[in-house]
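The next block holds one structure in the form of structure tokens; read it before the comments.
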Amino acid sequence: MISVIIPIYDVEQYIERCARSVLEQTYNDIEFIFVNDCTKDHSMEILQKVISDYPNRNVRIINKPKNEGLPQARKTGFLASKGKYIIHFDSDDWVESDYIEKMYVSAVKNDSDIVIAHYYENYTDKQVVIEGPRFDMASDGINMMLRAQLHSGVWNKLVRREMYEGLEFPIANMHEDLVIMVQIFVNVKKISFIDKPFYHYNLTNSGSLTSDEYSLKRASSVYENLKMIERILVNKDLFQKHEAAFCNFVNTFKGACMLRKATRKKEWLVDLYAPSSCYVFSENRISLIKKILLWGAFRNFFWPYKLIDFIR
């Protein structure tokens with residue numbers, strides 16, 4: 001059996017499309033677990049109506065007593081699941097009808113711990129196919145995710161249940177899938193790929209909030225999850241193997257945060273893996289001028305940022 005886990009929170013505009021696409025899968029041995037994370041809109045009423053059109057499907061709804069955010073809703077769904085393989089979807093996305101069947105066939109045929117497929121990015125005016133890289137070693141996958149060369153999304157990866165053993169779900173909401181997938185890849189031995197997209201990643205629902213308070217909240221969530229990844233790599237004695245790639249992500253984050261006054265937390269330069277300063281120019285995805293600014297920040301030269309604030 002396959003467990004499909006879908007958290008629900010304020011997605012009344014999208015939930016019918018999502019639910020119908022998953023309930024119309026060509027593969028039958030699926031348990032669908034919808035987790036109501038205390039949604040404030042009419043998502044659950046809409047979902048209930050859709051479910052009534054599929055009386056033969058194995059559907060469960062879990063109502064959380066309080067809102068705890070996406071990663072903890074995924075955790076609630078996982079703990080309630082019984083499937084041999086697990087996959088998580090976002091409730092504002094949708095999938096092709098043969099998605100689970102094709103992923104499961106590949107998993108069984110190749111005795112895979114994880115199956116990874118291409119996916120679509122859907123915008124208001126276009127649809128783009130994203131083709132991920134192939135690799136043989138799970139450690140290469142971790143490095144690629146940390147360097148943003150492989151998307152860490154849980155939604156285009158079917159995972160054998162045993163890969164979740166000992167997994168710690170994050171609390172913060174930004175890059176939460178990266179925290180989950182780094183831990184899963186640590187356990188993975190066999191990987192298979194499908195060179196076809198099935199999952200529609202909806203990028204029309206990204207929102208436009210740009211306030212200082214919102215920016216700091218998002219940055220703080222990224223910080224918390226990067227600290228969690230740092231701790232995981234250290235505890236599993238994997239830091240030496242992934243240090244450079246981790247610093248790539250960390251320095252890109254630090255460089256972006258320093259540019260905005262609202263997110264310019266000087267203490268993060270030291271508190272979040274201070275040795276990343278040694279990789280400012282070799283491991284970083286920001287422009288050269290921003291690298292130079294970050295290099296100076298590591299040496300307590302903050303006046304260029306103040307000048308940028310003044311110009312703005």
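Counting only C-alpha contacts under 8 Å and six or more residues apart, can you give the relative contact order of the stretch 68-181 as a whole percent?
Reported relative contact order: 38 percent.
Which whole number in µm²/s is D for the stretch 1-157 by Stokes-Einstein, with the Kirkwood Rh taken over Cα pairs at 4 °C and 1.567 mPa s?
Using the Kirkwood radius from Cα pairs, D works out to 78 µm²/s.
Using the beta-carbon distance between Asp29 and Ser220 and R0 = 35 Å, what value does 1/(1 + (r/R0)^6) give for FRET efficiency, to the nearest 0.05? Please list the in-between numbers first.
Working: r = 41 Å, r/R0 = 1.18.
Efficiency computed from Cβ-Cβ geometry: 0.25.
Mind ordering 193-203, 158-168 by average Cβ neighbours within 10 Å, highest first?
Working: 193-203: 18.3, 158-168: 16.7.
Per-residue mean Cβ counts within 10 Å order the peptides as 193-203, 158-168.
Sequence gap at least 6, Cα distance under 8 Å: using those rules, report the relative contact order of the chain to the nearest whole percent.
16 percent
Please give the contour-minus-distance gain from Asn300 to Ala244: 0.36 nm per residue of separation, less the Cα-Cα distance, rounded to one decimal in nm. Walk me through the intermediate numbers first.
Details: separation 56, 0.36 × 56 = 20.16 nm, distance 2.29 nm.
Gain on extension, Asn300 to Ala244, equals 17.9 nm.
Quick one: of Lys157/Lys190; Lys157/Lys217; Lys265/Lys306, which pairs are farther than 23 Å apart, Cα to Cα?
Exceeds cut-off: Lys157/Lys217.
With a length cut of 20 Å (Cα positions projected on each helix's long axis) and a Kyte-Doolittle mean of at least -1.0, go through the chain and give me the DSSP H helices that pass.
Qualifying helices: 212-235, 239-258.
Read through the labelled values (i) 191; (ii) 141; (iii) 127 and report the label of the one computed as volume of the Cα convex hull per residue in Å³ from the structure.
Correct label is (ii).
Given an 8 Å cut-off on Cα distances and at least 6 residues of separation, report the relative contact order of the stretch 128-212 as a percent.
Value for the stretch 128-212: 35 percent.
Which of Ile86, Ile51, Ile33 ends up with the largest GNM mean-square fluctuation for the chain, with Cα atoms connected below 10 Å?
Ile51
Give me the distance in nm between label points sitting 7 Å out from Cα along the Cα-to-Cβ direction at Lys227 and His42, one decimal.
4.2 nm
With r as the distance between the Cβ atoms of Arg60 and Leu167 and R0 = 25 Å, compute the FRET efficiency 1/(1 + (r/R0)^6) and round to 0.05. It would help to have the intermediate numbers written out before the result.
Values: r = 21 Å, r/R0 = 0.84.
Plugging the Cβ-Cβ distance into 1/(1 + (r/R0)^6) gives 0.75.
State, to one decimal in nm, how far the label point of Asp309 lies from the label point of Glu16, with both points 7 Å from Cα in the Cβ direction.
4.9 nm
Bear in mind that the values in this text are calculations on the coordinates, not laboratory data. Values in this document were obtained by computation on a predicted structure and should not be read as measured data. No Cβ is skipped: glycine too gets one built from the backbone with ideal geometry, and neighbour counts run over all protein chains shown.
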